[in-house]
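Data block below; observations after.
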Amino acid sequence: FDHNVVNETMKLGATEEWDNGEPSGDNHYRDTAMLPPFGRIVIRHRFLDFTGKFVMHCHILFHEDHGMMQLLEVVA
């Protein structure tokens, strides 16, 4: 993780869908998700009222410490 590098930029008001792998069957709001090895999750998010930077990261600290973390930014 490099806190000086913005990995993704989204525009305020945009709706994004991020897709990764096979469906998990979970269809509810959450901020964490358990995935099996090579699993899939689809994240849909609307960026409505915040501009600035935030991180998307794995909650397993070993993974986070070894690169499973990105810096994202919402711009006007």
Considering residues of the range 49-73 that are farther than 17 Å from Trp18 by Cα and modelled with pLDDT of 90 or more only, the residue nearest to the chain's Cα centre (by Cα): Lys53
Selection within the range 57-76 - without any contact (Cβ under 8 Å) to a residue 24 or more places away in the chain, surrounded by fewer than 11 Cβ atoms within 10 Å (Cβ to Cβ) and part of a loop (DSSP other than H, G, I, E, B): Ile60
Phe38 vs. criteria at pLDDT 80 or above and aromatic (Phe, Trp, Tyr): yes
Near pairs, Cβ below 7 angstrom, 6+ apart or cross-chain, from the range 6-34 (at pLDDT 75 or above and assigned to a loop (DSSP other than H, G, I, E, B)) to any residue that is open to solvent by 100 Å² or more (accessible area, probe 1.4 Å) and of a type in the set (Gly, Ala, Ser): Leu12/Ala76
Residues being part of a strand (DSSP E or B), within 10 Å of Glu73 (Cβ to Cβ) and in contact with a Leu (Cβ under 9 Å, 6 or more places away or on another chain) - total across the range 40-56: 2
Selection count, the range 49-76, where residues are touching a strand residue (DSSP E or B) at 6+ places or on another chain (Cβ under 9 Å) and within 20 Å of Val6 (Cβ to Cβ): 19
Counted residues, the range 44-56 - those being surrounded by 10 or more Cβ atoms within 10 Å (Cβ to Cβ) and of a type outside the set (A, V, I, L, M, F, W, C): 4
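The values are calculated or read from the model by the stated rules, or taken from the named source; none is laboratory data. For clarity, every value in this text was computed on a predicted model and none was experimentally measured. With ideal geometry, Cβ positions are generated from the backbone for all residues, glycine too; neighbour counts draw on all protein chains shown. Calculation scope for accessible area: heavy atoms of the full protein, side chains included, ligands and nucleic acids excluded. Shrake-Rupley method; radii C 1.70, N 1.55, O 1.52, S 1.80 Å.
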